[in-house]
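Q: The structure follows.
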Amino acid sequence: MADLHIKSLLRAGPGIDLSKIDTSATPGFEGDKDAGAELLAAGADEVAGLQEQLFAASRFGDTRSVLLVLQAMDTAGKGGIVRHVVGSVDPQGVSIAAFKRPTPEEEAHDFLWRIRKRLPAPGLIGVFDRSHYEAVLIHRVRGLSTLEEVEGRYPVILDFEKELVAAGTNVIKVMLHISRDEQKARLAERLERPDKHWKYSPGDVDERAYWDAYMDAYRVAIERTSTDDAPWYVVPADRKWYARLAVHTLLLDALRSFDLEWPKAEFDVEVEKKRLAAT
C-alpha cells in the first residue's frame, strides 16, 4: 500500500476543495473490500512490532512517539479506525483520548490545556478522537467563540504542533471525509437496529443542518494548519474498509520513518546465559 504513494494522494494541498473529493473513492488502491481487509490484516503484526520497538527504545531515553489525530463528522468511522487499525497494538502501547464537550474545569483554561494533558508519552501511539481542532470547527460553526477568538487559534495550533514535532512526536492529522448522504444512511441504520440505538443522538440530526458550514470550517482549518511537519490527510470515508486501510498505511509509514532498532543489551549476554543455566 505504501508503495502506491497514498500519502501524496491523500495529503491536503493548497486551495483544497472538499466538495470535489469523491468520498467513495479508494485513492492508491485498486482492490476490493476483501483485498483491502486482507492487506490490513497482513500489516497488523508490523504495526504492533514497530510500536513495541518504539516502546523499548523509550525505556532507554528515546523520546519519540506518534500522535494520530482523527477529525470527522459523526458516523464517519473514528471508532472503527481505533478498533481495526490501532487494535492490533498492545493496549499498554496506546493512549486514546476522546475529547467531548469541555468540562467546567477545562473551560476555565485555554483550549490546549486539556489537550496537553493527554499527549502520548514517549514510546506510545496516541490517538485523539476529536482534538484541539474542535476549538476552530464547532466553535466557528456554532458561534461558541467569537470569530476573532477562532482566528487567533490557528497560529496557536501551528506553534503547538511545531513544538510537538520538535520534541519527537510524529503527528498524523486525518479528516475522515464522509458524504452527507452516507451519513444519513448510517444514522438511519442506527435507528433501525436496537443494538445501535445507543450510538444515536438526536443532536446528530441537528448538526446536519450545518453541513456546509462544517465543510467550510474544515477547509479553513486544513488550509491554515497543514504544514510539512504536520500535514493534513483527507481520507474518503464512505467505504469504511478503505478508510481503515488508508489510516493504517499512514500509521505504518510514520512508524517506519523512525528507522527503529532493538536496544542493545547493557549486560554480557553470554555471561547471563551461563549464569541462568547454572541455576
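The values are calculated or read from the model by the stated rules, or taken from the named source; none is laboratory data. This one's a predicted model, so the numbers in the text were calculated from it and none came from an experiment. Every residue, glycine among them, receives a Cβ derived from its backbone with ideal geometry; neighbour counts consider all protein chains shown. These accessible areas exclude ligands, DNA and RNA; they are computed on the full protein's heavy atoms, side chains included. Shrake-Rupley method; radii C 1.70, N 1.55, O 1.52, S 1.80 Å.
Q: Cα atoms only, the chain: Rg and Dmax in Å?
A: For the chain, the Cα radius of gyration and maximum Cα-Cα distance read 20.4, 74 Å.
Q: Under 5 Å between amide hydrogens, which residues at least 5 positions from residue 126 or on another chain qualify, with H placed 1.01 Å from N in the peptide plane?
A: 66, 67, 68, 95
Q: Let me ask something else. Whole-Hz Karplus ³J(HN,Hα) for the stretch 53-60, in order, using 6.51 cos²θ - 1.76 cosθ + 1.60 and θ = phi - 60°, x for Gly and Pro?
A: Working through the residues one at a time gives 5, 4, 5, 4, 5, 5, 5, 10 Hz.
Q: Another question, then. Of the residues 256, 244, 130, which exhibits the maximal mean-square fluctuation in a Gaussian network model of the chain defined by a 10 Å Cα contact cut-off?
A: Among 256, 244, 130, the largest GNM mean-square fluctuation belongs to 256.
Q: What number, in percent, do you get for the relative contact order of the chain if the mean sequence gap of Cα pairs under 8 Å and at least 6 apart is divided by its residue count? Walk me through the numbers on the way to the answer.
A: Details: 378 pairs, mean separation 91.1, N = 279.
Result for the chain is 33 percent.
Q: May I ask you to derive the FRET efficiency for residue 59 and residue 109 from their Cβ-Cβ distance with R0 = 45 Å, giving the value to the nearest 0.05? All intermediate terms of the calculation are to be shown ahead of the outcome.
A: Values: r = 32 Å, r/R0 = 0.71.
Given R0 = 45 Å and the Cβ-Cβ separation, E is 0.90.
Q: For residue 162, list the lysines whose Cα falls under 21 Å from its own Cα; do not include residues on the same chain fewer than 8 positions away.
A: 7, 117, 173
Q: Also, quick follow-up: Give me the 1.4 Å probe accessible area per residue for the chain, excluding ligands and nucleic acids, in Å². Don't jump to the answer; show the numbers that get you there.
A: On the way: 14640 Å² over 279 residues.
I get 52 Å² per residue for the chain.
Q: Could you tell me what a quarter of the Cα convex hull surface of the stretch 233-279 works out to, in nm² with one decimal place?
A: Values: hull surface 24.4 nm².
Quarter of the Cα hull surface area: 6.1 nm².
Q: If you don't mind, another one. Mind scanning 78/100; 184/240; 100/199; 33/184; 78/196; 196/240 and naming the pairs with a C-alpha gap bigger than 19 Å? Before the final figure, lay out each step's value.
A: Working: 78/100 14 Å; 184/240 15 Å; 100/199 14 Å; 33/184 22 Å; 78/196 16 Å; 196/240 17 Å.
33/184, as the Cα separations exceed 19 Å there.
Q: Same structure again: At 0.36 nm per residue, and after removing the present C-alpha to C-alpha distance, how many nm does the segment from residue 181 to residue 154 gain when stretched out fully? Could the numbers behind the result be given before it?
A: Details: separation 27, 0.36 × 27 = 9.72 nm, distance 3.01 nm.
Contour length minus the Cα-Cα distance gives 6.7 nm.
Q: Taking every Cα atom in the stretch 127-279, find the radius of gyration and the maximum pairwise distance Dmax, and write them in Å.
A: For the stretch 127-279, the Cα radius of gyration and maximum Cα-Cα distance read 22.4, 74 Å.
Q: I'd like the antiparallel share, as a percent to the nearest 5, of DSSP beta bridges with both residues in the chain.
A: Numbers: 1 of 24 bridges.
Given both bridge residues lie in the chain, the antiparallel proportion sits at roughly 5 percent.
Q: Nearest 0.05, what FRET efficiency do residue 224 and residue 39 give at R0 = 30 Å with Cβ-Cβ as r? Walk me through the numbers before you get to the answer.
A: Working: r = 34 Å, r/R0 = 1.12.
Efficiency, rounded to the nearest 0.05: 0.35.
Q: Can you send over the carbon and sulfur percentage of the accessible area for the chain, probe radius 1.4 Å, protein chains only? Spell out each step's value before the answer.
A: On the way: 7470 of 14640 Å².
After summing per-atom areas, the C and S share lands at 51 percent.
Q: Now a separate question. Please list the three semi-axes, largest first and in whole Å, of the ellipsoid equivalent to the stretch 168-223, using sqrt of 5 times the eigenvalues of its alpha carbon gyration tensor.
A: Values: eigenvalues 141, 53, 18 Å².
Its equivalent ellipsoid spans semi-axes of 27, 16, 10 Å.
Q: So, in nm, how far is label residue 271 from label residue 22 when the simple model puts each one 7 Å beyond its Cα toward the Cβ?
A: 6.5
Q: Same structure again: What 222 nm value per residue comes from the helices of the chain, counting each DSSP H run with n ≥ 4 as -39,500 (n - 2.57) and dividing by all residues, nearest 500 deg cm²/dmol? Before the final figure, lay out the partial values.
A: Working: 12 runs with 133 residues, N = 279.
Computed ellipticity for the chain at 222 nm equals -14500 deg cm²/dmol.
Q: Direction-averaged shadow area of the convex hull around the Cα atoms of the stretch 110-204, nm²? Don't skip to the end; give the middle numbers.
A: Working: hull surface 32.7 nm².
About 8.2 nm², averaged over all directions.
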